[in-house]
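Trainee: I have a structure here, written as structure tokens, and I will follow up with some questions on it.
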Ligand code: XMP
């Protein structure tokens, strides 16, 4: 287990991911919330920071339980921290030190740089520079502009590096991390998906014993993998509820329910479409729609959860990015917690004990865990789909007829992406039904019908996104098929806006 102390760098999560890619488990903690039990950690990594060590309010945790006692790798701010508070000198740098640089000299034979050659590209991102090394340090590497690019403290397993090994552009960064973790800290690389499954199943059995667990399935990757893990651990003590809010994709409810049953999950499908449509009647404002859908879901789920006698646990598919305590720019820790709808006090199911088997995993790790349990690649590779579903893709008020229309359009588009081998190249795709009618001509008749917008984006996390350059032939074919087959639609447009400034969804 590796401890990553976060000083607020934008790259801290990347450090954790790189370490895990080496099959070594890592945890991020804010610099000012040092865990009490340090024995559990075999090595510590200090992250970068937007703050300067020269500031009066420099982040300054007490590392006396770590320094010299455990292998320590200090990155960027971390390295400057060791220098500034350890007898060295840190000053503002005269030259730009952002972006690519190359290691010009590397000290002979140091284990941290084993297998890394001079000339190796590294990524810099700092405005201060280490002018003088801390007491007891020897230089390990330099670049053209940065003399003290890496150092170690004699007699300790303490290393400081000015560049960022965690970013993709540091070509040998992963190698360096591996050298530190495996060769210096002697940590075994045994944290694999199969190992995670084995360990988690055992923990779940112990924790839950013979009690009952309720879980809401959404059809998405996280809740599905959580359910399969729990099913492995406690079998039919797990009661899954899959709610049809009437705003899912065409045939999604039936298909996914069948898939769930095929996996041996104890699942109840609840078709509450009518209830959601009723709750949405006449609502046009996007945020009010979200609230109405959220509230209806809570009511339906609460009703169903009550039918499971004596349930003690609520399982959730929460993943690591939702729970990492983040360090804000001012240095104060703040917890990131998923918002949820809260109507007139907590509904009963929210008073259950919570179990979140995926809360230590990143999204790609959830996929790998799912794959190691034999989940179908098609299921694991599904595009993200918003909780309020087609409800926020029908602009304006929602009716059963509009839902049906959009389901048909969406189906033609998404099936087309699959048929053309484009589905996996796109991060998310869907169609919007616009509150716009326009004139068209079909046969000899003038039409005055609806317009739909297609949207396909590339992204890695949904925070930023760009539209996908889909082949014209594909767009042509899909557009024809939509207008010919979906009654009430006479115009198709393709959305070429990036996020920012647009968002992925139109509402
Ligand atoms: P935006 O539209 O904000 O979307 O660029 C970013 C990602 O979030 C999804 N999204 C939602 N997911 N409830 C959800 O569960 C919502 O209300 C919601 N709004 C947007 C969107 O599909 C995209 O993946």
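Trainee: Here's a check for you: in the range 372-396, which residue that is away from the ligand (no atom under 15 Å from the Cβ) and not in a loop (DSSP other than H, G, I, E, B) is farthest from residue 430 (Cα to Cα)?
Mentor: Applying the filter and picking the extreme gives 372.
Trainee: Right, next: So, of the residues in the range 192-229 that are part of a loop (DSSP other than H, G, I, E, B) and either in contact (Cβ under 8 Å) with a residue 12 or more places away in the chain or outside the structural domain of residue 267 (by TED's automatic domain parsing) (or both), which turns out to be surrounded by the most Cβ atoms within 10 Å (Cβ to Cβ)? Can you show your working first?
Mentor: Narrowing the range 192-229 to residues part of a loop (DSSP other than H, G, I, E, B): 192, 209-211, 218-220.
With the extra rule that they be either in contact (Cβ under 8 Å) with a residue 12 or more places away in the chain or outside the structural domain of residue 267 (by TED's automatic domain parsing) (or both), the set shrinks to 192, 210-211, 218-220.
Details: 192: 13, 210: 8, 211: 15, 218: 18, 219: 21, 220: 16.
Restricting to residues being part of a loop (DSSP other than H, G, I, E, B) and either in contact (Cβ under 8 Å) with a residue 12 or more places away in the chain or outside the structural domain of residue 267 (by TED's automatic domain parsing) (or both), the top hit is 219.
Trainee: Next question, about the same structure. Can we say residue 450 is away from the ligand (no atom under 12 Å from the Cβ), within 15 Å of residue 405 (Cβ to Cβ), exposed (fewer than 13 other Cβ atoms within 10 Å of the Cβ) and in contact (Cβ under 8 Å) with a residue 24 or more places away in the chain?
Mentor: In short, no.
Trainee: Out of the residues in the range 453-495 that are within 15 Å of the ligand (Cβ to nearest atom) and farther than 14 Å from residue 429 by Cβ, which is nearest to the chain's Cα centre (by Cα)?
Mentor: Looking at residues that are within 15 Å of the ligand (Cβ to nearest atom) and farther than 14 Å from residue 429 by Cβ, I get 461.
Trainee: I want to confirm something. Restricting to the range 411-442 and keeping residues that are assigned to a strand (DSSP E or B) and touching a helix residue (DSSP H, G or I) at 6+ places or on another chain (Cβ under 9 Å), which single residue is nearest to the ligand (Cβ to nearest atom)?
Mentor: The extreme case among them is 430.
Trainee: Taking strands (runs of 3 or more DSSP E) that do not extend beyond the range 1-54, which have at least 3 residues that are at pLDDT below 95 and not assigned by TED's automatic domain parsing to the domain that holds residue 173? Talk me through it step by step, then tell me what you get.
Mentor: Details: elements: 2-6, 26-30, 43-46.
So the answer is none; nothing clears 3.
Trainee: Report whether or not residue 502 is within 16 Å of the ligand (Cβ to nearest atom) and without any contact (Cβ under 8 Å) to a residue 24 or more places away in the chain. Quick ask: steps written out before the conclusion?
Mentor: Values: within 16 Å of the ligand (Cβ to nearest atom): yes; without any contact (Cβ under 8 Å) to a residue 24 or more places away in the chain: yes.
Against the criterion (within 16 Å of the ligand (Cβ to nearest atom) and without any contact (Cβ under 8 Å) to a residue 24 or more places away in the chain), residue 502 qualifies.
Trainee: While we're on this one: Given the options 94, 110, 102, name the one that is without any contact (Cβ under 8 Å) to a residue 24 or more places away in the chain, in contact with a strand residue (DSSP E or B) (Cβ under 9 Å, 6 or more places away or on another chain) and in the same structural domain as residue 77 (by TED's automatic domain parsing).
Mentor: 94
Trainee: Which residue is modelled with the lowest pLDDT, if the candidates are limited to the range 437-447 and must be in contact with a strand residue (DSSP E or B) (Cβ under 8 Å, 6 or more places away or on another chain) and exposed (fewer than 14 other Cβ atoms within 10 Å of the Cβ)? Break it down into steps so the answer makes sense when it comes.
Mentor: Taking the range 437-447 first, the residues in contact with a strand residue (DSSP E or B) (Cβ under 8 Å, 6 or more places away or on another chain) are 437-442, 446-447.
Still in the list and also exposed (fewer than 14 other Cβ atoms within 10 Å of the Cβ): 438-439, 441-442, 446.
Values: 438: 97, 439: 97, 441: 94, 442: 89, 446: 95.
Going through the qualifying residues, I end up with 442.
Trainee: A further question on this structure: Could you identify the single residue in 507, 408, 481 that is buried (at least 16 other Cβ atoms within 10 Å of the Cβ) and part of a loop (DSSP other than H, G, I, E, B)?
Mentor: Values: 408 fails: part of a loop (DSSP other than H, G, I, E, B); 481 fails: part of a loop (DSSP other than H, G, I, E, B).
Criteria check complete, one pass: 507.
Trainee: Quick one: in the range 245-272, of everything that is touching a helix residue (DSSP H, G or I) at 6+ places or on another chain (Cβ under 8 Å) and part of a helix (DSSP H, G or I), which residue is surrounded by the fewest Cβ atoms within 10 Å (Cβ to Cβ)?
Mentor: The selected residue is 259.
Trainee: Is it true that residue 242 is surrounded by 22 or more Cβ atoms within 10 Å (Cβ to Cβ), touching a residue at least 12 places away in the same chain (Cβ under 8 Å) and closer than 19 Å to residue 396 by Cβ?
Mentor: So residue 242 does not fit the description; no.
Trainee: Here's a check for you: in the range 177-190, which residue that is crowded, with 19+ Cβ neighbours inside 10 Å and assigned to a loop (DSSP other than H, G, I, E, B) is nearest to the chain's Cα centre (by Cα)?
Mentor: 187
Trainee: Next up: Show me the strands (runs of 3 or more DSSP E) entirely contained within the range 273-362 in which 1 or more residues are over 20 Å from residue 245 (Cα atoms), modelled with pLDDT of 90 or more and in contact with a helix residue (DSSP H, G or I) (Cβ under 9 Å, 6 or more places away or on another chain).
Mentor: On the way: elements: 311-315, 325-327, 333-335, 353-355.
Output list reads 311-315, 353-355.
The values are calculated or read from the model by the stated rules, or taken from the named source; none is laboratory data. Bear in mind the structure is a predicted one, so any value in this text is a computation, not a measurement. Here the Cβ is made from the backbone with ideal geometry for all residues, glycine too, and neighbour counts use every protein chain on show.
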